[in-house]
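J.: Let me give you the structure first, and then I'll get to my questions.
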Amino acid sequence: MNDERDRDASGDRTVGKGGSNAMWGGRFAEGPSAVMAEINASIGFDKALWRQDIAASKAHMAMLGAQGIVSSGDAATIADGLDKVAAEYEADGVPEDWALEDIHMTTESRLAELIGPVAGRLHTGRSRNDQVATDFKLWVREAIEQMDGALAALQSALVQRAHEHAASIMPGFTHLQTAQPVTLGHHLLAYYEMLERDRSRFADARVRLNRSPLGSAALAGTGFPIDRNATAQALGFDGPTHNSLDAVSDRDFALDYLMAAAQCSLHLSRLAEEFVIWASQPFGFVRMPDTLSTGSSIMPQKKNPDAAELVRGHAGRIVGCATALMVTMKGLPLAYSKDMQDDKPPVFEAHGLLELSIAAMTGMVADSTFRTDRMRQAAELGYATATDLADWLVTQADIPFREAHHITGAAVRLAEERGVALDALPLADLQAIDKRIDDRVFDSLSVDASVAARSSYGGTAPQQVRLQTAHAADRLGITL
């Protein structure tokens with residue numbers, strides 16, 4: 001680390017040689033205290049923006065050269081120097097020097113060491129305020145694109161397994177109580193739909209952020225004849241922002257990202273919870289892959305669904321990241337305030353956690369073994385076709401639903417006492433409950449008949465599941 005900080009006799013830090021920061025120290029007779037230097041420095045985390053900072057600086061310098069604000073020779077020298085700085089960062093990482101505060105001053109300082117005083121022309125017509133807003137937007141835009149790809153991969157895994165299990169019967173739950181039989185494919189496709197909405201939220205966030213703040217300078221714009229459309233185009237933005245005050249103080253794009261990430265993490269947490277429950281011995285619906293499980297230090301029989309539990313836990317941290325930035329931004333007057341330096345850590349943390357969570361759930365969905373025999377048994381013994389019996393009484397025996405509900409309840413109680421499924425009750429026993437029941441009822445009481453009957457669009461019938469997996473595969477561009 002290239003750290004020019006010295007220590008005084010007491011061991012406390014002083015900042016820089018000569019006290020003041022050469023990048024902005026002309027206003028001050030003395031340099032900042034060690035505490036001020038430490039609280040003020042952001043290089044420890046904003047070094048993650050170095051690629052975006054180099055790209056934005058090169059676009060800015062190309063524009064300055066094209067506009068004649070900086071000579072073509074100086075512009076070429078600076079561009080070449082930025083390439084050399086980027087190569088150093090790529091090879092050795094970004095050095096951390098608190099005296100240089102952040103990635104912007106770190107880069108400009110190194111550029112000056114490489115090419116001399118001409119490096120000072122790079123900052124013409126811009127401020128660190130519009131510089132950091134631009135860099136951060138570029139980073140978030142790339143993060144959104146990464147999330148979209150990762151979510152598409154998880155969706156593909158869900159669709160593949162849903163197609164495989166389009167007719168595999170399991171209990172559908174409400175209140176975690178057996179409700180009606182559904183197919184495993186139908187259940188998995190519910191998470192595909194959640195992730196589809198997540199992808200749309202990230203896509204919406206990308207549309208809103210795609211205006212370039214570069215050229216807004218500190219807050220009021222600049223008197224130099226810059227071409228903001230040129231820099232916006234060079235960086236892939238749809239155009240420049242329309243108000244310089246808003247441009248440097250806006251962090252809606254970061255909040256949009258965090259809100260989408262938080263919602264996505266909730267969906268991942270729900271799916272993870274399903275796997276935790278299904279993997280427990282009382283359920284036994286799934287065998288988790290060894291690669292995403294751990295053992296116990298004392299109980300050799302244990303196979304713990306730790307990856308799923310950690311995904312569930314990460315959701316709380318991601319929601320906390322969103323809350324942290326909302327509270328940071330809630331009372332800031334225009335334009336830039338130093339509080340906004342704390343905008344990046346929660347976004348970086350949430351992105352890393354979400355990326356890891358999606359990868360874990362993709363592997364879990366793709367590689368788990370579903371115990372469809374246990375699922376079917378649970379559906380049959382959970383009296384999941386009780387609603388089908390009530391519906392049959394209404395449609396075939398012309399019995400009012402409330403009365404049919406009461407009759408069905410008596411049949412369920414009898415089946416429970418016998419320890420059998422509803423369709424295993426003899427006709428005589430059913431007729432003892434209500435004489436209007438005849439042998440046609442057995443066409444409706446099996447779990448297979450129940451799921452086949454739910455053939456409305458978006459229903460759980462195997463034909464509908466296959467229709468939806470085909471549509472999803474087409475949207476994802478995958479082959480089933």
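The values are calculated or read from the model by the stated rules, or taken from the named source; none is laboratory data. Everything quoted here is computed from the prediction, not taken from an experiment. All Cβ positions, glycine included, derive from the backbone under ideal geometry; neighbour counts span all protein chains shown. Just the protein is used for accessible areas: all its heavy atoms, side chains included, with ligands, DNA and RNA removed. Shrake-Rupley method; radii C 1.70, N 1.55, O 1.52, S 1.80 Å.
J.: When only residues in region 424-451 that are without any contact (Cβ under 8 Å) to a residue 40 or more places away in the chain and buried (at least 19 other Cβ atoms within 10 Å of the Cβ) count, which is farthest from the chain's Cα centre (by Cα)?
T.: It comes out as LEU430.
J.: Let me ask something additional. Confirm whether ALA390 is of a type in the set (A, V, I, L, M) and in contact (Cβ under 8 Å) with a residue 60 or more places away in the chain. Before you say what the answer is, go through the steps one by one.
T.: Details: of a type in the set (A, V, I, L, M): yes; in contact (Cβ under 8 Å) with a residue 60 or more places away in the chain: no.
So ALA390 fails the test.
J.: Take the residues in region 95-143 that are hydrophobic (A, V, I, L, M, F, W, C) and at pLDDT below 95, then tell me which one is nearest to the chain's Cα centre (by Cα). So that I can check it myself, show each step before the final result.
T.: Restricting attention to region 95-143, the residues satisfying the condition of being hydrophobic (A, V, I, L, M, F, W, C) are 98-100, 103, 105, 111-112, 114-115, 118-119, 122, 132-133, 136, 138-140, 143.
Cutting the leftovers down to at pLDDT below 95 gives us 98-100, 103, 105.
Details: TRP98: 32, ALA99: 35, LEU100: 33, ILE103: 26, MET105: 31 Å.
Within region 95-143, the match that is nearest to the chain's Cα centre (by Cα) is ILE103.
J.: Which count do you get for residues in region 223-266 that are more than 26 Å from MET147 (Cα to Cα), open to solvent by 70 Å² or more (accessible area, probe 1.4 Å) and assigned to a helix (DSSP H, G or I)?
T.: 2
J.: Only residues in region 75-88 that are at pLDDT 95 or above count as the first member; pair them with residues that are open to solvent by 60 Å² or more (accessible area, probe 1.4 Å), Cβ under 6 angstrom, at least 6 apart or cross-chain, and list the lot.
T.: ALA79/LYS58; GLY81/LEU114; LEU82/LYS58; LYS84/LEU114; VAL85/ARG110
For every residue, the table says whether it meets (1) outside any helix (DSSP H, G or I); (2) in contact with a helix residue (DSSP H, G or I) (Cβ under 9 Å, 6 or more places away or on another chain); (3) open to solvent by 20 Å² or more (accessible area, probe 1.4 Å); (4) assigned by the TED database to the domain that holds ARG141.
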residue: GLY44; (1), (2), (3), (4): no, yes, yes, no
residue: ALA55; (1), (2), (3), (4): no, yes, yes, no
residue: HIS60; (1), (2), (3), (4): no, yes, no, no
residue: ILE69; (1), (2), (3), (4): yes, yes, yes, no
residue: ALA75; (1), (2), (3), (4): no, yes, no, no
residue: GLY81; (1), (2), (3), (4): no, yes, no, no
residue: VAL85; (1), (2), (3), (4): no, yes, no, no
residue: PRO95; (1), (2), (3), (4): yes, yes, yes, no
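J.: Here is a further query. On the basis of being under 23 Å from ASP80 (Cα atoms), hydroxyl-bearing (Ser, Thr, Tyr) and in the same structural domain as VAL286 (by the TED database), does THR134 make the cut? Outline the logic, then answer.
T.: On the way: under 23 Å from ASP80 (Cα atoms): yes; hydroxyl-bearing (Ser, Thr, Tyr): yes; in the same structural domain as VAL286 (by the TED database): yes.
Taking the combined requirement at face value, the residue satisfies it.
J.: For THR395, only one of the following conditions fails: (1) open to solvent by 50 Å² or more (accessible area, probe 1.4 Å); (2) assigned by the TED database to the domain that holds CYS321. What is its number?
T.: Every listed condition holds for THR395 apart from (2).
J.: Same structure, new question: If a residue must be touching a helix residue (DSSP H, G or I) at 6+ places or on another chain (Cβ under 7 Å) and open to solvent by 20 Å² or more (accessible area, probe 1.4 Å), how many such residues does region 345-355 contain?
T.: Narrowing region 345-355 to residues touching a helix residue (DSSP H, G or I) at 6+ places or on another chain (Cβ under 7 Å): 345-351, 353-355.
Those left that are additionally open to solvent by 20 Å² or more (accessible area, probe 1.4 Å): 345, 348-349, 355.
Number satisfying all stated conditions: 4.
J.: Anything in region 100-132 that is in contact with an Asp or Glu (Cβ under 7 Å, 6 or more places away or on another chain), open to solvent by less than 20 Å² (accessible area, probe 1.4 Å) and part of a helix (DSSP H, G or I)? List them, or say none.
T.: Answer for region 100-132, where residues must be in contact with an Asp or Glu (Cβ under 7 Å, 6 or more places away or on another chain), open to solvent by less than 20 Å² (accessible area, probe 1.4 Å) and part of a helix (DSSP H, G or I): ILE103, HIS104, THR106, THR107, ALA119, LEU122.
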